[in-house]
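Peer 1: One structure is given below, represented as structure tokens, and several questions about it will come after.
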Amino acid sequence: MDQENAILALSALAQSTRLETFRLLVRHAPDGLPSGDIARAIDVPQNTMSTHLNILSRAGLVTSERRSRVVVYRAEITRVSDLTLFLIKDCCGGNAELCAPLIAELEPCC
């Protein structure tokens, strides 16, 4: 991931509804959720949710799939991994033991 794409992804997440939406989709990975279910869970009007989902989609953080009249959104986990690696790649000046607590936190969920 390059700096421009990292900024795009981070700016998409720098808003409370979008961050909450993205975290909801991460919890429902890999199946995803229909847009209406997302709007109800976040308690946001459908048209407002559509705007937020479009911003997350343009940042590459979510993908969508139309199933008849329903659009299902999924968190793009590979993109999250790329962003995380971009942020911590040069962590700790080569002292791997300083990153051990971060890695330990990730192991139970990943």
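Peer 1: If a residue counts only when it is touching a residue at least 24 places away in the same chain (Cβ under 8 Å) and surrounded by 11 or more Cβ atoms within 10 Å (Cβ to Cβ), which helices (runs of 4 or more DSSP H) contained entirely in the stretch 7-109 have at least 1 such residues?
Peer 2: Answer list for the stretch 7-109: 16-27, 35-42, 46-58, 77-88.
Peer 1: Sticking with this one: Quick one: count up the residues across the stretch 68-91 that are over 13 Å from the mean Cα position of the chain (by Cα), modelled with pLDDT of 90 or more and basic (K, R).
Peer 2: The total comes to 1.
Peer 1: Please state which one of G60, G94 is small (G, A, S) and either touching an Asp or Glu at 6+ places or on another chain (Cβ under 9 Å) or at pLDDT 90 or above (or both).
Peer 2: Selected residue: G60, the only one of G60, G94 that is small (G, A, S) and either touching an Asp or Glu at 6+ places or on another chain (Cβ under 9 Å) or at pLDDT 90 or above (or both).
Peer 1: Could I ask something else about it? Kindly indicate whether S68 is among the polar types (S, T, N, Q) and touching a strand residue (DSSP E or B) at 6+ places or on another chain (Cβ under 6 Å).
Peer 2: Answer is no for this residue.
The values are calculated or read from the model by the stated rules, or taken from the named source; none is laboratory data. Please read all numbers here as calculations on a predicted model, not as lab measurements. Cβ: placed from backbone, ideal geometry, glycine included. Neighbour counts: every protein chain shown.
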